[in-house]
Amino acid sequence: MVKMSKNSQRPQPNSQGQRHRPKRKINPVRSHSPQIPSPQSGFDSPNQEETDTDLIYGRHTVLAALENERSLNRIWMVPQLQSDHRFQKGLSTAKANGTLIDKVSNQRLDQIAPGTNHQGIVAQVSPYAYKELSELIDLAKAASSEPVIVMAEGLTDPHNLGAIGTSGLILPQRRAVGITSTVMKVAAGALETFPVARVVNLNRALEELKQAGFWIYGTSATAAQPLYTVKFSGPVVLVVGSEGQGLTRLVEQSCDILVSIPLIGQTPSLNVSVATGMALYEIDRQRRSGQ
């Protein structure tokens, strides 16, 4: 039997084959003054998107930004790349839009982006433009009749976040990594092709997604229902938890179904990006095979 969130039952179809969510007891959320992490903590400050610029680097990442005509303030690159046919059109368009393009040495790039594998090119971008949740929902539905959106609760490692890719991504505003240059580098340009939203309250966002016709599947190491036994149909939201902590109780209670990934041997848990990738693969496998 599927392990459901507390005070819920497994949804059953009616005579017309439609699923109905069971009524839930809504627990009040205690209000409190959230702590604002210091700049050294690795978290995004509330107004960072509005005040900071960021650097992206690496050939795939910068090329994807050029191809999608992302707003770039400046590009530093080694002279050899200017004759690379893959970059010529994008560089020409960026220059026409006012982007400054500087030809520099690898040593200068090492100074601009120290400690990075810049591959001969670095660009300064405006802060990442997050979508409103309603806009993300509309875009996901327009792209597919059965979209899959990932909601990541409290991820703090940009390498984990950058490895997740779907029809859309939802992040909390607080206590989680946002779209930084490291995330964009790990994603290798994928973030230029699908929308990302940041929301203040994940539980309210889940309710809005339910109203839009999505079914909410949460990942939990203790869930009784293995991933491969669950049928994923229609618009789906896959909710994944933070590194080491998993989903919070309130978010678990907002999920329709909780699923687990069976492990063999002594491995206690999987890296969150690996677990998310396995779940997304299973959803895609079912749909391709017509299950």
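The values are calculated or read from the model by the stated rules, or taken from the named source; none is laboratory data. Since this is a predicted model, take the numbers as computed values, not measurements. Neighbour counts run over all protein chains shown; Cβ positions are idealised from the backbone, glycine included. Just so you know, the surface numbers come from the protein's heavy atoms only, side chains and all, with ligands and any DNA or RNA stripped out. Shrake-Rupley method; radii C 1.70, N 1.55, O 1.52, S 1.80 Å.
Listed here are the residues, each with its yes/no results for (1) more than 23 Å from SER233 (Cα to Cα); (2) modelled with pLDDT of 90 or more.
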{"residue": "ILE164", "(1), (2)": "no, no"}
{"residue": "ILE170", "(1), (2)": "no, yes"}
{"residue": "ILE179", "(1), (2)": "yes, no"}
{"residue": "LEU202", "(1), (2)": "no, yes"}
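Does the range 39-53 hold any residues that are at pLDDT below 50 and either crowded, with 21+ Cβ neighbours inside 10 Å or in contact with a strand residue (DSSP E or B) (Cβ under 7 Å, 6 or more places away or on another chain) (or both), and which are they?
Narrowing the range 39-53 to residues at pLDDT below 50: 39-52.
Residue satisfying the conditions is ASP44 alone.
Note on the range 74-100: residues that are open to solvent by 50 Å² or more (accessible area, probe 1.4 Å) and either assigned to a helix (DSSP H, G or I) or at pLDDT 90 or above (or both) amount to 13. Scanning the range 54-73 for residues that are open to solvent by 80 Å² or more (accessible area, probe 1.4 Å) and either in contact with a Gly (Cβ under 6 Å, 6 or more places away or on another chain) or modelled with pLDDT of 90 or more (or both) gives ARG59, HIS60, GLU67.
Taking the criterion of being of a type in the set (Gly, Ala, Ser), open to solvent by less than 10 Å² (accessible area, probe 1.4 Å) and modelled with pLDDT of 80 or more, would at least one residue in the range 147-157 satisfy it? The answer is yes; a qualifying residue exists.
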